[in-house]
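What follows is one structure encoded as structure tokens, with my remarks underneath.
The values are calculated or read from the model by the stated rules, or taken from the named source; none is laboratory data. These numbers were taken from a predicted model, which means no experiment stands behind them. As a convention, Cβ positions derive from the backbone with ideal geometry for all residues, glycine included, and neighbour counts pool all protein chains shown. Areas reflect the complete protein model, heavy atoms only, side chains present, ligands, DNA and RNA absent. Shrake-Rupley method; radii C 1.70, N 1.55, O 1.52, S 1.80 Å.
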Amino acid sequence: MSTQAPESALLRALRERWAEGPGLYRQHVNPGFAELLDLAGFGRRYVRAEGLELEDERGERYLDFTAGYGVHALGHNHPAVRAALHAMLDSGAPGFTQVEASTLTALGAEALAATLPAGLDKVFFCSSGSEAMEAALKLARAATGRRRILGIRRSFHGTTLGVLGLLDAPARRERFGPLLPGLELLQFGDRSVLARALGKRDVAALVVEPVQGEGGCRPQPEGYLAEAARLCREHGALLIVDEVQCGLGRTGRMWAFEHEPGLVPDALATAKALGGGLMPVGALVVRSEVHAQAYGAMRHALDHKTTFSGGPLAMAALHETLRVLRDEGLVENARARGAELSARLAALAARHPSTVSEVRGRGLLQGIRFHDATGGLLGRGLWGKLGDLTAGMFAQHVSLGLLADHHIVTQVGACDLPTLKLTPPLTVTAQAIERVADALDEVLSRGGHAQAVVALAGRLLGARQDRDP
Ligand code: PLP
């Protein structure tokens with residue numbers, strides 16, 4: 001196997017035109033995003049990545065506790081996944097022929113199904129979490145003949161037009177309406193609201209993240225999923241779990257729904273880590289009977305298909321990723337390191353009660369939530385949202401302190417801005433956990449938070465006002 005390919009035109013251009021990078025990105029990709037990163041103080045450029053670390057253009061190294069929203073569960077550029085991809089390329093295997101029932105795709109599906117309870121064995125492959133969730137919405141309607149689909153507040157299922165109806169962030173939805181009709185959001189953790197919604201017997205599916213990722217690392221309350229499964233079955237609705245972020249070992253079990261003993265969902269969406277951090281791979285795994293109801297008849301066999309489903313490089317990455325997770329004991333490591341991280345965060349919350357409001361999460365999907373800087377004076381409703389905004393700015397300020405002064409990469413929750421998320425690769429070590437906890441302690445122990453938050457808010461909100469018509 002040769003990994004020493006001649007330099008491509010793209011790599012040459014990257015080397016020669018490195019200095020133009022930010023300007024080129026602004027010109028051809030997403031100017032607003034580049035500007036946001038700069039204003040927030042995150043405008044670094046990384047040139048290399050390996051294991052737990054990113055390296056920037058000055059040769060400085062950063063401990064990655066975001067792991068690309070969890071994509072890099074195996075660490076960056078895992079050698080075994082790279083080797084599997086090289087081997088697949090060198091094999092000359094055909095891909096995307098569209099005229100065969102591909103053995104390669106079937107082997108990938110078999111490997112994924114083997115990680116799930118018996119019966120969950122029909123796999124639709126795609127390239128992202130949003131696509132997997134779109135497939136889930138179509139499945140629910142096709143299998144049940146019903147239209148209503150329930151989600152949960154603060155969930156995140158992607159930004160494509162269908163699942164956008166389940167995004168609990170009005171500012172990010174309102175310009176794109178009318179959204180898919182029949183989608184509703186339920187109060188988090190409220191079983192009686194769920195029972196009432198399902199009781200009308202017109203619901204196609206409940207869609208739920210067993211541990212909310214962007215919603216602030218929030219596990220569903222104990223027993224909620226089991227009760228949801230019981231109610232869904234009683235009322236003829238499907239239970240669909242979105243494990244795009246919380247699945248594949250991150251919570252200390254292979255799948256996060258397994259924390260609820262005996263639970264078997266009707267379908268499961270996965271993506272992010274599935275491609276080993278090197279290939280975009282997503283999948284919706286469906287119970288056989290449900291799949292038969294939706295797509296079993298030959299006339300429906302082409303109703304949900306995409307050109308790039310289950311290609312050779314995707315299958316090579318997926319197959320190797322599942323092997324590495326198992327053989328390197330990464331699920332067990334996530335459980336052990338997650339317990340250490342959770343204990344350190346709890347100690348931090350006790351040490352900094354005036355800034356930390358809550359710590360929560362499961363395994364290596366942990367969040368630390370900050371107080372509204374006004375000490376809750378703003379109350380609930382619209383004013384409460386302003387409180388969330390000030391807490392969100394505080395979380396951003398902490399994240400920036402970790403990056404600038406400790407070389408640790410973190411992010412806040414997209415649907416819960418006051419929560420700083422800690423989602424390292426599952427290969428994380430006890431020393432790395434200690435380093436992050438000590439760094440958090442140092443940042444939270446500083447004075448002058450209020451001025452820093454006001455300055456950050458001024459930069460971000462001021463820039464926004466300049467642009468808004
Ligand atoms: N579902 C969950 C739980 C997610 O966290 C995300 C992305 O963050 C998605 C779906 C969408 O995945 P993608 O960004 O790959 O489309």
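Going by the conditions given, is ALA143 in contact (Cβ under 8 Å) with a residue 60 or more places away in the chain, over 18 Å from the mean Cα position of the chain (by Cα) and surrounded by 21 or more Cβ atoms within 10 Å (Cβ to Cβ)? Full working, then the answer.
Working: in contact (Cβ under 8 Å) with a residue 60 or more places away in the chain: yes; over 18 Å from the mean Cα position of the chain (by Cα): yes; surrounded by 21 or more Cβ atoms within 10 Å (Cβ to Cβ): yes.
Yes: the conditions hold for ALA143.
Could you check segment 121-138 and list, in sequence order, the residues that are open to solvent by less than 30 Å² (accessible area, probe 1.4 Å) and either away from the ligand (no atom under 15 Å from the Cβ) or at positive phi (or both)?
Residues satisfying the conditions do not exist here.
Matching residues to (1) away from the ligand (no atom under 16 Å from the Cβ); (2) aliphatic (A, V, I, L, M); (3) over 21 Å from the mean Cα position of the chain (by Cα); (4) surrounded by fewer than 24 Cβ atoms within 10 Å (Cβ to Cβ):
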| residue | (1), (2), (3), (4) |
| --- | --- |
| SER192 | yes, no, yes, yes |
| ALA197 | yes, yes, yes, yes |
| GLY213 | no, no, no, no |
| CYS217 | no, no, no, no |
| GLU222 | yes, no, yes, yes |
| ALA229 | yes, yes, yes, yes |
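When only residues in segment 285-308 that are within 15 Å of the ligand (Cβ to nearest atom) and out of contact with any Lys or Arg (no Cβ under 9 Å at 6 or more places or on another chain) count, which is least open to solvent (accessible area, probe 1.4 Å)?
The extreme case among them is THR306.
For segment 116-170, enumerate the residues that are closer than 24 Å to GLN98 by Cα and basic (Lys, Arg).
Listed by number, the residues that qualify are LYS122, LYS138.
Look through segment 45-87, keep the residues that are of a type in the set (Gly, Ala, Ser), within 16 Å of the ligand (Cβ to nearest atom) and assigned to a helix (DSSP H, G or I), and return whichever of them is most open to solvent (accessible area, probe 1.4 Å).
The selected residue is GLY68.
Mind checking which residues of segment 266-281 are over 11 Å from LEU318 (Cβ atoms), open to solvent by less than 10 Å² (accessible area, probe 1.4 Å) and either within 10 Å of the ligand (Cβ to nearest atom) or not in a loop (DSSP other than H, G, I, E, B) (or both)?
Selection gives ALA267, LEU268, ALA269.
Does LEU167 satisfy the condition of being within 29 Å of ARG218 (Cα to Cα) and not basic (Lys, Arg)? Before the answer, list the steps.
Working: within 29 Å of ARG218 (Cα to Cα): yes; not basic (Lys, Arg): yes.
It is true that LEU167 is within 29 Å of ARG218 (Cα to Cα) and not basic (Lys, Arg).
Can you spot a residue in segment 351-358 that is part of a helix (DSSP H, G or I) and closer than 16 Å to GLY247 by Cα?
Within segment 351-358, none of the residues are part of a helix (DSSP H, G or I) and closer than 16 Å to GLY247 by Cα.
Looking only at segment 157-175, how many residues end up being within 16 Å of the ligand (Cβ to nearest atom) and more than 19 Å from LYS138 (Cβ to Cβ)? Lay out the reasoning, then the answer.
Pass one, segment 157-175, residues within 16 Å of the ligand (Cβ to nearest atom): 157-169, 172-173.
Next cut, more than 19 Å from LYS138 (Cβ to Cβ) only: 168-169, 172-173.
Summing the residues that are within 16 Å of the ligand (Cβ to nearest atom) and more than 19 Å from LYS138 (Cβ to Cβ) in segment 157-175 gives 4.
Failed condition for GLU184, given (1) open to solvent by 40 Å² or more (accessible area, probe 1.4 Å); (2) farther than 20 Å from MET133 by Cα, with all others met?
Result: GLU184 passes all but (2).
Which members of segment 322-341 meet the condition of being open to solvent by 40 Å² or more (accessible area, probe 1.4 Å) and within 16 Å of GLY277 (Cβ to Cβ)?
Scanning segment 322-341 gives ARG323, GLU328.
Which number in (1) assigned to a helix (DSSP H, G or I); (2) more than 16 Å from the ligand (Cβ to nearest atom); (3) open to solvent by less than 20 Å² (accessible area, probe 1.4 Å); (4) farther than 25 Å from VAL203 by Cα marks the one condition that GLY252 misses?
(1)
Hey, can you tell me all the residues within segment 106-118 that are open to solvent by less than 30 Å² (accessible area, probe 1.4 Å) and either out of contact with any His (no Cβ under 8 Å at 6 or more places or on another chain) or in a loop (DSSP other than H, G, I, E, B) (or both)?
The answer is ALA109, LEU112, ALA113, LEU116.
Looking at THR97, THR115, THR105, which is the one that is without any contact (Cβ under 8 Å) to a residue 12 or more places away in the chain and of a type in the set (S, T, N, Q)?
Numbers: THR115 fails: without any contact (Cβ under 8 Å) to a residue 12 or more places away in the chain; THR105 fails: without any contact (Cβ under 8 Å) to a residue 12 or more places away in the chain.
Answer to the check: THR97.
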